[in-house]
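Below is one structure, written out as structure tokens; comments come after it.
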Amino acid sequence: MQTLKSFINSVRRKPTRTIIRVQPSDRGFVAVRRDGQVEELHWSKVERIITYKVDCFAHDMIWLAFEQRGHDEAIQIPEEAEGFADLMAALGKAFPQIDPEWYFTVMEPAFAEDFTVLYGPAPRP
């Protein structure tokens, strides 16, 4: 598992393998990257879910990052990815302990990164 500092540094780098589409299911989701590569995640393997916001100058972009057991790199999904709203709905079903208002909470204040752990242990400082 990553520490908070290493996770923050990893998300500050421009993603080179951006996810453009996500298709959730009852068991997890399938994510399609811009280069056509497909990744699958099963809810049962999720160790931690983090949301954060990136300042894009004129607007903010909210992201979800999924850390899973046995993987060094988190799957990071931008809100502009097709299927993001469906993913948000699926999260509520798969992880009922996640605050249903998380998206609106992370939106404020504007232009602040606002790293929030939605599920799992807090990263080590």
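Among the residues of region 40-81, count how many are among the aromatic types (Phe, Trp, Tyr) and part of a strand (DSSP E or B).
3
Conditions: (1) closer than 24 Å to residue 103 by Cβ; (2) modelled with pLDDT under 75. Residue 65 meets all but one. Number of the miss?
Unmet for residue 65, out of (1) closer than 24 Å to residue 103 by Cβ; (2) modelled with pLDDT under 75: (2).
When you scan region 81-101, do you find a residue that is surrounded by fewer than 12 Cβ atoms within 10 Å (Cβ to Cβ), basic (Lys, Arg) and over 21 Å from residue 21 (Cβ atoms), even just one?
Checked against the condition, which is being surrounded by fewer than 12 Cβ atoms within 10 Å (Cβ to Cβ), basic (Lys, Arg) and over 21 Å from residue 21 (Cβ atoms), region 81-101 yields no hits at all.
Please find, within region 16-32, the residue that is surrounded by the most Cβ atoms within 10 Å (Cβ to Cβ) out of those that are modelled with pLDDT of 95 or more and basic (Lys, Arg).
In this case the residue turns out to be 21.
A quick yes/no check of all residues on (1) under 19 Å from residue 108 (Cβ atoms); (2) exposed (fewer than 14 other Cβ atoms within 10 Å of the Cβ); (3) under 11 Å from the mean Cα position of the chain (by Cα):
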{"site": "43", "(1), (2), (3)": "no, no, no"}
{"site": "54", "(1), (2), (3)": "yes, no, no"}
{"site": "69", "(1), (2), (3)": "no, yes, no"}
{"site": "76", "(1), (2), (3)": "no, no, yes"}
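Which residues, taken from region 56-67, are surrounded by 12 or more Cβ atoms within 10 Å (Cβ to Cβ) and not hydrophobic (A, V, I, L, M, F, W, C)?
Matches in region 56-67: 60, 67.
The values are calculated or read from the model by the stated rules, or taken from the named source; none is laboratory data. Every value quoted in this text rests on a predicted model; they were computed, and no experiment measured them. Every residue, glycine as well, gets a Cβ built from its backbone with ideal geometry; the counts of neighbours run over all protein chains shown.
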